[in-house]
Structure formats: C-alpha cells, structure tokens
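Student: The structure follows.
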Amino acid sequence: MSQSTLAINKSGRMFWQDGQLIYNGKYKIEKYLGGGGFALTYQAMHTKLNRRVVIKTPNISVQRDPDYPKYVERFKKEAQMLAMCCTDSHPHIVQVFDFFEKDGRYCLEMQYITGESLWEYVQRQGKLPETEAIKYIRQMGLALVDVHKKGVLHLDVTPSNIMLNFNSGIPNSGKAVLIDFGIASDMSPPSTLSRSFGNRVFAPYELTRKGIRHSTVDVYCLAGSLYYAITGQCPTNSFDRKYDQEELVPPKQLVPSLSDAVNEAILQGMALEAKDRPQTMEEWLNLLSFSQQGRYFVEIKSIEVSIEVLILASDVGVNYQNLENLLKAGQWKAADEETTRVMLKAAKREQQGWLDEKSIEKFPCTDLRTIDQLWVKYSNGHFGFSVQKRIWLECGGKVDYETERLLGDRVGWCKEDGWLPLDKYNFSLAAPRGHLPSIFDIRIYSTGLRFIMLCLFFYHLQTCKL
C-alpha cells in the first residue's frame, strides 16, 4: 500500500492505517484515537524529532459537504486562535505544534498528553473525593478563563476532553490538561452538529439543539464534568430536562458528604436556561471557591478588558481574604500582623504563638506560596518571602555571621546595635527591599536563634520552589 493510501471505515470516515508513514515519512501513524462530526484524531510519531504527537484532520463526510471550503477557512482561523491560546505554554492547555496542508488535506499537529482522560479515570477509580475533583476542575476553569479572554470558546469541556497526567513518584500530582478545543465543535456544519460533541449529556440543550455558542456553554459543560467526577454518574441529559421535564438529581443526593457550596455551584452551573447560569467562567469559579471544607479560596476579577486571576489557595483551610484586603489597601503593619496570625493558624501553633523547627519544616507549601504571592503582588515585587530568600542567597545563603550581617543590612532588619525590635520596623514602601513581612519577632526569638530559624525558613522556601 502506498503512503497516500487511505482506509475507509463502515461509517464512511477516512482513516490512515496503523504503522502507515504519511507526508513523505515525516509522521508514522500509531493508532486512531477517535473523532467527531468534523475531524478525526490520530496518535503519531514525528519521525524526525522522535516525538509522539496527535494529528487532527477533517473526515471524509465533511469533505463531501458543499460548504467544505468555507469550513476549511474557519478551521484555519480556529487553528490560529488555538495556537494563540497556548503561546504562553499554559500548563493546562494542550499545545499546538504545526498546521499544514498537503494535497488538499489539512492537518493540525498537537501535543500528545500521556495519561488518561477524566472519563477513564473515574470509570476505573470510581467517584473522586471532593477535593481531588475540585482540583482538576479548577485547573480547567482557570485555563478557560484564559481562553475566553482571547475570544475562544471550547464548547466541549467533557470528561473525555480533560486529560489527567500523573507523576507516579509524587502523591496527589495529577495535572489536568484541556484537549480537543472548539475547532471541531465550533467548526462543524449544521448537519454534523449533533455528532460534534464527545458526549451530549454534558452539553446544554441550546448548543446541541440550536447551535447557540456562549461562554455559559463552557460553564455548563465544566459543571457537568464536576458532577460526573464527584458522583461517578452522568447528569441528566439537558434535552430530556427541557422537553421531557426530567429532573437533574442534585449531586448531594448521590453523595451526602458533599459540601453545600460545591453542590450549589454545580446546580447553578448546570441551570437549564443559560440566563440562570453564571455568565462567565470567573463568576462560576467564584461560586465554587468557598467550599465548606475551606480548602479552596479563589478570587477572579475582571479589570476592563483584561482578566487577572489570583488563587488564594490553602492546604489546611486558612482563608487569606483579609490578608489580601489589607495588602491591597497598603496597610502594611496590619498586613504584617495578619501574616503572623494566618501562619500560626496554618501551622496549628496559635496557642504557642511562635513557629518551631518542626512546624517550619512541615509548613504547607501551598500556603507559603499564597502568602508570598499576595505580598509580592501588592508591593509590586518590593516585599515577600521569595524576595527575602533571593537576597539571602545573594548574601551567601549560609548560616554564619557574615551572611547574617549582610542580610540584616540589606533588608533593614539590623542597626549598629543589633536586630531591630518589631516596633522599629518601617511599615511603608520606603523600607528596604525585602523588609517585610517580618517573620521572627526578636521579642520571642533570641538574636542567634532568630537567624537560625530564618535560614531554616529559607531552606524550606527552596524546597517549596518559591
């Protein structure tokens, strides 16, 4: 069989055969992955780069459509838009490598994601714990915030299009990546629209029946995917809810331990009518953010035409909203006091009122990162743990007198007569870089112990990759 030979399956779609070399041997087809109303996807090996990729190409039924040239032009534009979405190598968006045409055949070359889909994972594992499910869905939501900002809708955010990649050596290391963008769904001709979605049970009726495209479609689909992840069951089809008056079973009815906040976020995201849903992905993520278990705190704001995403995340249920409010208002002294309070809470050392060596070594990295990001953001990079750590490294990064003296001088923690007490700190942006937050109060720690604890803290920051 020649390289250009194609196999046709029973439905009339176009196939390349497993093991077939295509495009002058540039790619070797490994297997057919699947397809929808517009396109088919294949796993292939880029023979020159020895890199596994995914190739998407229109199927034969669409090529026979009289309006095929129009769809191809839109396919090109959508490929360009998708490439634009991943120019910054977003960790939760599939990457585009190339878009090319040969002999009238258009192909999109994309990143191959090792792992399994959320659909497959739940089928194998069963329903997921609330915190794990929210972790993956939140990653998808933040990816969609970025995508929507660039004017692109996905329109098929189903469990089959959410790939999970795990590092077997790291517990709880799963990362979700959004694949199979709205090229297929937004591109499909009306005659194939009903076949354009991986699973119509996750789509709102206005999309599958009327082809209405809006950001609320992605909200519905993602909420439906969370429903599936948490309950292990598919939600009631929106078409049946609309025209047969079937009811959507609340997820909390299936999982009684589910928090009320997450239950309500799913129900609002899957409201039957688009007008009753949160109108943007940011709004829906804000509904999802405050679960009763207090594990996730997410604030997403729209500023004019840009979108700023700030994640106030905690592994131990600490709410950092007040800290952000104080920093935003430039109340540096009150923010410094609040930082001490939330750190003691995160370390479960409120009664003791100070951090010891063990609590420093075990301090949750997620919480450290949240506190640091807040200080860095609202001081424009002037204050923060990561700023202090960089200065410490520049001063030698050691536990010795020379490093102590250089660090104290650089950040303004020392005068000629030794370490400053907290009431002598400069709580303003006129302070030296890295002056805040104050981490170890000299009223509690002796001078020598304070520096040792600081160094232990900076070593932990390195472990947390701050």
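Student: Just want the ordering: ASP240, ASP423, from fewest to most Cβ atoms lying within 10 Å of their own Cβ. Intermediate results must be reported in sequence, preceding the final value.
Tutor: On the way: ASP240 14, ASP423 7.
The fewest-first ordering by Cβ neighbours comes to ASP423, ASP240.
Student: Could I ask something else about it? Need one word for region 229-290: rounded, prolate or oblate. Basis is the Cα gyration tensor (sqrt eigenvalues a ≥ b ≥ c); a/c below 1.5 gives rounded, then a/b vs b/c decides.
Tutor: Values: a/c = 2.40, a/b = 1.12, b/c = 2.14.
It is oblate, given that a/c is not under 1.5 and a/b is not larger than b/c.
Student: Based on the Cβ-Cβ distance from THR47 to THR114, what FRET efficiency comes out when R0 is 25 Å, to the nearest 0.05?
Tutor: Working: r = 19 Å, r/R0 = 0.77.
According to the calculation, E is roughly 0.85.
Student: For region 383-457, which GluC sites (Glu not before Pro) pass both filters: DSSP loop (anything but H, G, I, E, B) and at most 16 other C-beta atoms within 10 Å?
Tutor: Working: sites: GLU394, GLU402, GLU404, GLU416; in loops: GLU416.
Qualifying residues, ordered by number: GLU416.
Student: Do any trypsin sites (Lys or Arg not before Pro) in region 35-80 lie in a loop, going by DSSP, with at most 10 other beta-carbon atoms within 10 Å of their beta carbon, and if so which?
Tutor: The qualifying sites are LYS48, ARG64.
Student: In terms of modelled amide H atoms, which long-range or inter-chain residues lie less than 5 Å from the amide H of ARG51?
Tutor: The answer is HIS46.
Student: Is the shape of region 322-394 rounded, prolate or oblate, going by the alpha carbon gyration tensor and its root eigenvalues a ≥ b ≥ c, with a/c under 1.5 for rounded and a/b larger than b/c for prolate?
Tutor: oblate
Student: Rounded, prolate or oblate: which fits region 336-466, taking a ≥ b ≥ c as square roots of the Cα gyration tensor eigenvalues, rounded meaning a/c under 1.5, else prolate when a/b beats b/c? Working shown, then result.
Tutor: Details: a/c = 1.27, a/b = 1.17, b/c = 1.09.
Here region 336-466 falls in the rounded category.
Student: Also, I was wondering about something else. When Lys and Arg each count +1 and Asp and Glu each count -1, what net charge do the other residues less than 13 Å away from PHE427, Cβ to Cβ, add up to?
Tutor: Working: positive: LYS333, LYS424; negative: ASP336, GLU337, GLU338, ASP423.
Around PHE427, the surrounding residues sum to -2.
Student: Okay, next question. Please find the FRET efficiency linking GLU337 to TYR243, where r is the Cβ-Cβ separation and R0 is fixed at 56 Å, and quote it to the nearest 0.05.
Tutor: On the way: r = 58 Å, r/R0 = 1.04.
It comes out at approximately 0.45.
Student: Any chance you could run the full-extension gain for LYS102 through GLU350? It's 0.36 nm times the residue separation minus the Cα-Cα distance, nm to one decimal. Don't skip to the answer; put the middle values down first.
Tutor: On the way: separation 248, 0.36 × 248 = 89.28 nm, distance 6.69 nm.
Contour length minus Cα-Cα distance gives 82.6 nm.
FYI, it's all coordinate maths here, none of it is from the lab. Please read all numbers here as calculations on a predicted model, not as lab measurements. Cβ coordinates were reconstructed from backbone atoms using ideal geometry, including for glycine residues, and neighbour counts include every protein chain displayed.
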